[in-house]
Structures are given as structure tokens and as C-alpha cells.
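The structure under discussion appears below in the form of C-alpha cells.
Bear in mind that the values in this text are calculations on the coordinates, not laboratory data. All values derive from a computational prediction rather than experimental measurement. Ideal geometry is used to build each Cβ from the backbone, glycine not excepted, and the neighbour counts take in all protein chains shown.
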Amino acid sequence: MFIPVYQPKSNLIPIAVMKNDFGIEGMIVNGFFLYKDRQTKDLLTGPTSIQEYIGFEGMIMTDSGAFQGLKRPLYLSNKKIVKFQDAIGADIISPLDLISPPNDNFETASKKLASTNKRIKQALQLTENSILAGVQQGGRFMELRGKSIEALMEMQVEYIAIGSLVPFFNKKHKLDFVIKVLQQARQIAGPDIPFHVYGAGDPLEMPFIAQLGTDIFDSSSYGHYALDGWYMTPFGAIRKEQKTEFEYINCQCTYCQEAEGLSIFDQAPALAGHNLHTIIAVMEQIRHHQEQDTMTELLESIIKIHEAWFPDSLLPSTWNDFDGN
Ligand SMILES: [Zn+2]
């Protein structure tokens, strides 16, 4: 399942279009932004549910501001933001975990993991209506990543979100660390518990990440790729200059059909619409191939086209190394 990041006041794609044209079943909203806006907070802690506020009846997940907390002090407690998310009617909520970027050393990453675990434990006790996402931390250290999943299983969380993986996604699609983390996490957690990779939003990578046992993806990528002029395809995102690749795709979405030639590259809202269409089409493809038990064939066909378009990409080699094990 893909749950797009939705920004109530500034989304490039309006909510009605998300529901009616895209058939979005769930979305993720930043709970911290709702909380820090006095008026919105009062509204939501009053009689208005988050579903009514957004105008969306599907599944709503909220996050906690943990990502914003990486850049600046939030003056926010775990307790307050968890209680808020639980009170406003979100289906899945997030603790105020501590993100470990790749440059955190072992000691720092260890301390952040210990605090994150404490906060999750506290959050589980405070949660009455929602499902709390247990977030994995541990930075670049496999030992800590493993301990993190063990602790979450001990706490009996019902949902696991893999945190701090975003900085490990890169333009060359070197997936080796992502592969190791997900493989280890599944080995420890077993096959049943839902796995969500925070912020994984490239439709090229999604089938590979799904193959590693991920069930839920969220991202604002459809919008921010569009603002930077990137046109998503199932084989990698392209720029206006890549005319041959663009023609090969011959996308049938309404945005591409209505745009003339390459003009879609210059219209961010239309490009965001196309990008979201691509992500959803890829998700449907993943579901279909999982049902038919033909994921390997899907991945092979993607790699073939991707490596022809992007000879410098490290996706084929990192994936084949993993697959050969
Ligand atoms: Zn399109």
C-alpha cells in the first residue's frame, strides 16, 4: 500500500482528486504541524475528527514531528504529541522517536535508540484508540538495528516502521544497506507484522523494497520530484532532456494526455499528478505479481530497462549481489 504524504494547506493535488481520481485508500499527515497550529489544534481536540478536517474517510496515519526534530528543537514532549494523535482519531500514530543520521557514531546511535525505546514504551501505554507504530532506529549499525527490532517485538507492537533509512537512498540506487536492514528485520520479526519504510518514494525502488518484505510505503516524493522537474517512470525518474525515454513510456494518465509534448515537465501540479499515477500503477503491479508469485520476473524486467537507461546505476549490481546469496 502507498500512503501519500498530504499537506492540508498546500498539497499540489487537491483532496477530491486524490480520492476520486486516484482512489487513494490511506494517507499520512504531519501531526506536529496540526498540533503546533493553535486554531487547528483546538478544532481537532474539539468535536472535529481528523477525517472531517481533511475531508477523507480512508485510513489516516500521522507522524510526530520526529523528522523536524532532527533540524531544530521542537519544545514538544513525546507524551503530548502521542496523546494528541490518539485523541484526534488517527488510525496509526507515531511516537516522537529520535532519528539517527548515517554520521551518528555508535555511542550516539545507541543513546538515541535507548531513548526511542523508552518513548515507544510510554506511547504504547498512552494509546487508547489508535495503533502505534513501533519505530526502528540504530543508524548505520546493524547490531543496533537488530536490537531495535528485538525490543519492538518484546514490547508487542502491532506495526513496525523502519526509521532513518531515507538518507541511505541515493541517486545511484545503491541499495545494499537498505537490503541488509530489511532482511535482518524480517528475520527477527517474522513474516506477519506489517512493515512500513518511512519515506521510500521512488517507484523504481518500490518493487525491490516490497520484495524484501515491506507492506507500506509513504512519501511526498510525487510532489517534491515534480517541483524539481523530475518525471517518474517505473524504470527511474527522468528529466526533460531524456526525450527518448519519455517517448518510450507513452504514459496514458490524464495529465500526460492533456499536456502537449514535453510541456508537462514545466507544470508542477500536472507533473505531481503524473508522478502519483506512476507510483499507484507500480503498487498495483506489485500486488498483481505477488498474487501470481512472479515478483522475480517483474524485478528482472525492471532491471533490464533501468540499466539500459542509467548505465551508472548501482541498483542492478547491489540487487544481484543480494539475490546471489
Ligand atoms: Zn502520465
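For the range 128-222, just run the numbers: alpha carbon Rg, then divide by 2.2 N^0.38 Å, N being how many residues it has. Let's see the in-between values first.
Numbers: Rg = 12.7 Å, N = 95, 2.2 N^0.38 = 12.4 Å.
Normalised by 2.2 N^0.38 Å, the Cα Rg of the range 128-222 equals 1.03.
Treating the Cα atoms of the range 138-184 as identical point scatterers in vacuum, please give the log10 of the normalised Debye intensity I(q)/I(0) at q = 0.16, 0.26, 0.27 Å⁻¹, two decimals.
One equal scatterer on each Cα of the range 138-184 leads to -0.46, -1.01, -1.06.
Give me log10 I(q)/I(0) at q = 0.10, 0.25 Å⁻¹ for the range 34-133, Debye formula, one equal scatterer per alpha-carbon, no solvent.
Those come out to -0.30, -1.35, one per q.
Can you sort THR116, THR254 so the residue with the fewest Cβ neighbours within 10 Å comes first? List each step's numbers first, then the result.
On the way: THR116 28, THR254 13.
So the ranking, lowest neighbour count to highest, is THR254, THR116.
If we count other beta carbons within 10 Å of each Cβ, what is the order of THR244, THR40, THR62, THR108, fewest first? Show your work: numbers first, answer last.
On the way: THR244 9, THR40 18, THR62 29, THR108 14.
Going from sparsest to densest Cβ surroundings: THR244, THR108, THR40, THR62.
What order do you get for PHE265, PHE2 when you list them from fewest to most C-beta neighbours inside 10 Å?
Lowest count first: PHE265, PHE2.
Calculate for the chain the 222 nm mean residue ellipticity that helices alone would give, adding -39,500 (n - 2.57) per DSSP H run of length 4 or more and normalising by residue count, nearest 500 deg cm²/dmol.
Calculated mean residue ellipticity at 222 nm is -14500 deg cm²/dmol.
Taking the Cα atoms of the range 193-325, what is the range of coordinates along each of the three principal axes, in descending order and whole Å?
Cα extents, longest axis first: 45, 32, 25 Å.
How high is the relative contact order of the chain? Use alpha-carbon pairs under 8 Å, at least six apart in sequence, and give a whole percent.
Relative contact order comes out at 15 percent.
Would you kindly derive the ³J(HN,Hα) couplings of the range 16-31 from the backbone phi angles with the Karplus curve 6.51 cos²θ - 1.76 cosθ + 1.60 (θ = phi - 60°), listing them in order in whole Hz, with x for Gly and Pro?
After applying 6.51 cos²θ - 1.76 cosθ + 1.60, I find 4, 5, 4, 6, 7, 8, 9, x, 4, 9, x, 8, 10, 10, 6, x Hz.
Return the unpartnered cysteines for the chain, using a Cβ-Cβ cut-off of under 4.7 Å.
Lone cysteines by the Cβ rule: CYS253.
Answer rounded, prolate or oblate for the range 204-248, using the Cα gyration tensor with square roots of eigenvalues a ≥ b ≥ c: rounded when a/c is under 1.5, else prolate when a/b is larger than b/c, else oblate.
On the way: a/c = 4.43, a/b = 1.63, b/c = 2.71.
Judged from the Cα gyration tensor, the range 204-248 comes out oblate (a/c at least 1.5, b/c at or above a/b).
Along the range 275-285, what does the Karplus equation 6.51 cos²θ - 1.76 cosθ + 1.60 (θ = phi - 60°) give for ³J(HN,Hα), rounded to whole Hz, x for Gly and Pro?
Values, residue by residue: 4, 5, 4, 5, 4, 5, 4, 5, 4, 5, 4 Hz.
Using the Cα centre of the chain as the reference point, and only Cβ charges (+1 on K/R, -1 on D/E), how large is the resulting charge dipole? Debye, rounded to the nearest 20.
Computed charge dipole of the chain: roughly 1560 debye.
With +1 on each Lys and Arg Cβ and -1 on each Asp and Glu Cβ, and nothing else charged, work out how big the dipole of the range 255-305 is about its Cα centre, in Debye to the nearest 20.
100 debye
Given bins 10 angstrom wide, list per bin the percent of all Cα-Cα distances in the chain, short to long.
Binned Cα distances yield the sequence 6, 25, 34, 25, 9, 1.
Work out from phi, with θ = phi - 60° and the Karplus expression 6.51 cos²θ - 1.76 cosθ + 1.60, the ³J(HN,Hα) of each residue of the range 310-319, listed in order in whole Hz, and give x for Gly and Pro.
With coefficients 6.51, -1.76 and 1.60, one gets 10, x, 7, 5, 9, 4, x, 5, 5, 5 Hz.
What value does the range 1-72 have for Rg/Rh, both radii from Cα atoms and Rh as Kirkwood defines it?
Expressed as Rg/Rh, it is 0.97.
Given H placed on each backbone N at 1.01 Å, which residues far from LEU132 in sequence or on other chains put an amide H within less than 5 Å of it?
The list, which skips near neighbours in sequence, is ILE93, GLU158.
Any idea what diffusion coefficient the range 254-316 gets from Stokes-Einstein, in µm²/s, Kirkwood Rh on alpha carbon pairs, 4 °C, 1.567 mPa s?
Answer from the Stokes-Einstein relation: 94 µm²/s.
Taking the dipole about the Cα centre of the range 2-164, with the C-beta of Lys and Arg at +1 and of Asp and Glu at -1, give me whichever of VAL157, TYR75, SER130 is farthest to the positive side.
It is TYR75.
Just going by the charge dipole of the chain, with Lys and Arg at +1 and Asp and Glu at -1 on Cβ, which of ALA259, ALA189, GLY273 is farthest out on the positive end?
Going by the Cα projections, it comes out as ALA189.
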